[in-house]
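Take a look at the structure set out below.
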Amino acid sequence: MINIAICDDNQLFLNSLADTVSHLVKSEHNIFKFTKAKDLLNRIEDYSGESIDIVITDIEMPELNGVNMAKELKNAQPRIQFIFVTNYTEYIQEVFTVNPVYYILKPVDENKLSEALEKAISQLSESDKRCFNVTTKNKIVRIRLDDIKYVESYSRKIIVHEIRRNTELLMKLDDFEKELPPYFLRIHKSYSVNMNMIRSINNNRIELFSGEVLPVAKAKYPEIKKNILAFLSSQL
């Protein structure tokens, strides 16, 4: 099931675009409609609801524009695919900081929209491949790397804190880290964090976009801060 959010402050256009998208997407899907970027942002940041896979959004909207919304969402949930639909061309350079699937000018060309949706779904499929299986207690647990916020170690277990759930595994953090890509960083003897999820680092603490705060090893704080800043700079 693919969950698609569409955001545009023009209700008539929003309804028409939703109908077109529903017609073009061949796989099972849900469509959620929003007239305000803030409402969509709040909906996605509420981890208790269903996840959103694709966001189709206008740019110029009241209170919060589509680009700034996308920047916040991209940091919090890197897997989301963005398609911008707008009347304006002057935002192209800024838009590409969130690596969008497509930038479509209104009136919407149905062929371009179809191509954009196909590309977004293809990239979601590639994201799904960035998973690994962990065998523990006679069961196999499949974990998507992009959904991990951080991994916590205690006693002889670890807790994998994901965007929508927590998974407890009977294994050492050192062993689990061998499966993780370079954007995970060990910040403490008991914590490894996904640097894509970091909002800020200050005073030996890291705050995530989810609001959670993690401790940083005091002795290694300067080195850890340097590594995080280097990673974040590389994402600009």
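The values are calculated or read from the model by the stated rules, or taken from the named source; none is laboratory data. Just so we're clear, the structure is a prediction, and the values are computed from it rather than from any experiment. So basically every Cβ, Gly included, is an ideal-geometry build from the backbone, and we count neighbours across all protein chains shown. Surface accessibility is based on the protein's heavy atoms, side chains included, excluding ligands, DNA and RNA. Shrake-Rupley method; radii C 1.70, N 1.55, O 1.52, S 1.80 Å.
Considering Arg199, Arg186, the condition of being closer than 28 Å to Asn42 by Cβ, open to solvent by 40 Å² or more (accessible area, probe 1.4 Å) and either out of contact with any helix residue (DSSP H, G or I) (no Cβ under 7 Å at 6 or more places or on another chain) or assigned to a strand (DSSP E or B) (or both) is satisfied by Arg199 alone. What about Lys112, is it touching a strand residue (DSSP E or B) at 6+ places or on another chain (Cβ under 9 Å) and surrounded by fewer than 20 Cβ atoms within 10 Å (Cβ to Cβ)? Considered against the rule, which asks whether it is touching a strand residue (DSSP E or B) at 6+ places or on another chain (Cβ under 9 Å) and surrounded by fewer than 20 Cβ atoms within 10 Å (Cβ to Cβ), Lys112 comes out as yes. Just one of the numbered conditions (1) surrounded by 16 or more Cβ atoms within 10 Å (Cβ to Cβ); (2) more than 22 Å from the chain's Cα centre (by Cα) is not true of Ser22: (1). Leu208 meets the conditions (1) within 18 Å of Lys74 (Cα to Cα); (2) open to solvent by 20 Å² or more (accessible area, probe 1.4 Å); (3) in contact with a helix residue (DSSP H, G or I) (Cβ under 7 Å, 6 or more places away or on another chain); (4) not acidic (Asp, Glu) in every case but one. The failed one is (2).
Of these, Asn99, Asn65, which one is closer than 23 Å to Leu232 by Cβ and open to solvent by 70 Å² or more (accessible area, probe 1.4 Å)? Before the answer, list the steps.
Details: Asn65 fails: open to solvent by 70 Å² or more (accessible area, probe 1.4 Å).
Sole residue among the options that is closer than 23 Å to Leu232 by Cβ and open to solvent by 70 Å² or more (accessible area, probe 1.4 Å): Asn99.
Tallying residues that are closer than 18 Å to Ile104 by Cβ and not hydrophobic (A, V, I, L, M, F, W, C) within segment 61-85 yields 3.
Within the group Phe32, Phe82, which residue is among the aromatic types (Phe, Trp, Tyr) and under 24 Å from Arg165 (Cβ atoms)? Steps first, answer last, please.
On the way: Phe82 fails: under 24 Å from Arg165 (Cβ atoms).
Within the list Phe32, Phe82, the selection yields Phe32.
So, restricting to strands (runs of 3 or more DSSP E) that lie completely within segment 127-179, which ones have at least 3 residues that are touching a strand residue (DSSP E or B) at 6+ places or on another chain (Cβ under 9 Å) and under 16 Å from Ser192 (Cα atoms)? Strands (runs of 3 or more DSSP E) meeting the threshold: 148-154, 157-162, 166-169.
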